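**Q** The structure follows.
The values are calculated or read from the model by the stated rules, or taken from the named source; none is laboratory data. All of these numbers come straight from a predicted model, not from anything done at the bench. Neighbour counts run over all protein chains shown; Cβ positions are idealised from the backbone, glycine included. The protein model used for the area step is the full one, side chains on, heavy atoms only, and it has no ligands, DNA or RNA in it. Shrake-Rupley method; radii C 1.70, N 1.55, O 1.52, S 1.80 Å.
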Amino acid sequence: MTTVIFVHGTGIREREYNETFEIIEQKIHAQRPDIKVSRCLWGELGAKFNDHRASVPLEDATLALSQAEEDADIILWGQLYRDPLFELRLLSLKPIEEENPFGEQPGDILQSHVASFTPGLELQAKLQEAGIAEVFEEARETVIRSEPYHQALLTVTESDLSEYYAPIARAILAQAMLICEEQEKFPPVLTDAKLRDQIGELLTLALGEAELGLIGWLLKPLVELALPIGTNYVKGNRLEVTDKYSPVPGDILLYQT
């Protein structure tokens, strides 16, 4: 009989490991019921580096991000994991431009789309796959009731209305992930950046006629933030970062960042 052993990464918690193990076992048995799936929960025993940390990649052996927007996106999500409203707080600092006082304001149009939004079948399926379907509505309500959200709406203009859907989508998604962590739930999206970005794109497009990616107004400060403390910092301090987080259980997202 073939045996598949599930070996977890750093910073794993036993409950999270068991939940993930059940999913893996279920998926494997759906395709190959003859395969035995075994546990390997080594985190409780601790871990240490041998051979002078030979497994840690050296700086010249690693690949760095070359595009400024990719660097900015990494830094942005690092902030959103800590504060889901971070991007909306930045948008609220934009200068407010005078619009037609007698017509419907762009912020009102945006608010009506977000407030009345209901996920379609494709997005709902992705939310289920990501493990955040149950907290999605709570996350949306939390965002649209927040002060940064309402302050950001004041800065929307007709020319950049379509650019605001992506930041709002990211805020809702990050808030859903934060709610799960606060409830000590660890859905797949917490450690799957590809799945996270897929949901972000689907949600952005579902909210309205949106433009994907970062708003140009936000890109410059995020790139400047990324340059001194982003990729280059982690490359130059890889061993220090590894030493800091690997000896004890911690947040795998922080370790990856």
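**Q** Quick one: residue 135 ticks every box in (1) more than 20 Å from residue 205 (Cβ to Cβ); (2) not in a helix (DSSP H, G or I) except a single one, so which number is it?
**A** (2)
**Q** What pairs come out if I take residues in the range 104-120 that are more than 19 Å from residue 94 (Cβ to Cβ) and pair them with residues that are in a loop (DSSP other than H, G, I, E, B) whose C-beta lies under 6 Å away, six or more apart or interchain?
**A** 113/208
**Q** Could I ask something else about it? Is it true that residue 187 is touching a Cys at 6+ places or on another chain (Cβ under 6 Å) and either at pLDDT 90 or above or over 12 Å from residue 73 (Cβ atoms) (or both)?
**A** Working: touching a Cys at 6+ places or on another chain (Cβ under 6 Å): yes; either at pLDDT 90 or above or over 12 Å from residue 73 (Cβ atoms) (or both): yes.
Against the criterion (touching a Cys at 6+ places or on another chain (Cβ under 6 Å) and either at pLDDT 90 or above or over 12 Å from residue 73 (Cβ atoms) (or both)), residue 187 qualifies.
**Q** A follow-up question, please. Here are some residues: 169, 133. Which one is in contact with a helix residue (DSSP H, G or I) (Cβ under 7 Å, 6 or more places away or on another chain) and open to solvent by less than 10 Å² (accessible area, probe 1.4 Å)?
**A** So the residue among 169, 133 that is in contact with a helix residue (DSSP H, G or I) (Cβ under 7 Å, 6 or more places away or on another chain) and open to solvent by less than 10 Å² (accessible area, probe 1.4 Å) is 169.
**Q** Show the residue pairs meeting these rules: Cβ distance below 7 Å; 6+ apart or different chains; first residue within the range 75-97 and within 19 Å of residue 136 (Cα to Cα) and of a type in the set (A, V, I, L, M, F, W, C); second residue open to solvent by 10 Å² or more (accessible area, probe 1.4 Å) and at pLDDT below 90.
**A** Once the first residue is within 19 Å of residue 136 (Cα to Cα) and of a type in the set (A, V, I, L, M, F, W, C) and sits in the range 75-97, its partners that are open to solvent by 10 Å² or more (accessible area, probe 1.4 Å) and at pLDDT below 90 give 86/79.
**Q** Can you report the number of residues in the range 151-166 which are buried (at least 24 other Cβ atoms within 10 Å of the Cβ) and either of a type in the set (Gly, Ala, Ser) or more than 12 Å from residue 111 (Cα to Cα) (or both)?
**A** Counting residues in the range 151-166 that are buried (at least 24 other Cβ atoms within 10 Å of the Cβ) and either of a type in the set (Gly, Ala, Ser) or more than 12 Å from residue 111 (Cα to Cα) (or both) gives 1.
**Q** Please state which of the following conditions residue 194 fails to meet, knowing it meets all the rest: (1) within 18 Å of residue 135 (Cα to Cα); (2) among the basic types (Lys, Arg); (3) open to solvent by 50 Å² or more (accessible area, probe 1.4 Å).
**A** Going through (1) within 18 Å of residue 135 (Cα to Cα); (2) among the basic types (Lys, Arg); (3) open to solvent by 50 Å² or more (accessible area, probe 1.4 Å) one by one, residue 194 breaks only (1).
**Q** Just wondering, is there one or more residues in the range 110-118 that are in contact with a Ser or Thr (Cβ under 7 Å, 6 or more places away or on another chain), farther than 26 Å from residue 180 by Cβ and open to solvent by less than 20 Å² (accessible area, probe 1.4 Å)?
**A** Checked against the condition, which is being in contact with a Ser or Thr (Cβ under 7 Å, 6 or more places away or on another chain), farther than 26 Å from residue 180 by Cβ and open to solvent by less than 20 Å² (accessible area, probe 1.4 Å), the range 110-118 yields no hits at all.
A quick yes/no check of all residues on (1) assigned to a helix (DSSP H, G or I); (2) modelled with pLDDT under 55; (3) open to solvent by less than 100 Å² (accessible area, probe 1.4 Å):
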site	(1), (2), (3)
23	yes, no, yes
27	yes, no, no
30	yes, no, yes
39	no, no, no
55	no, no, yes
60	yes, yes, no
65	no, yes, yes
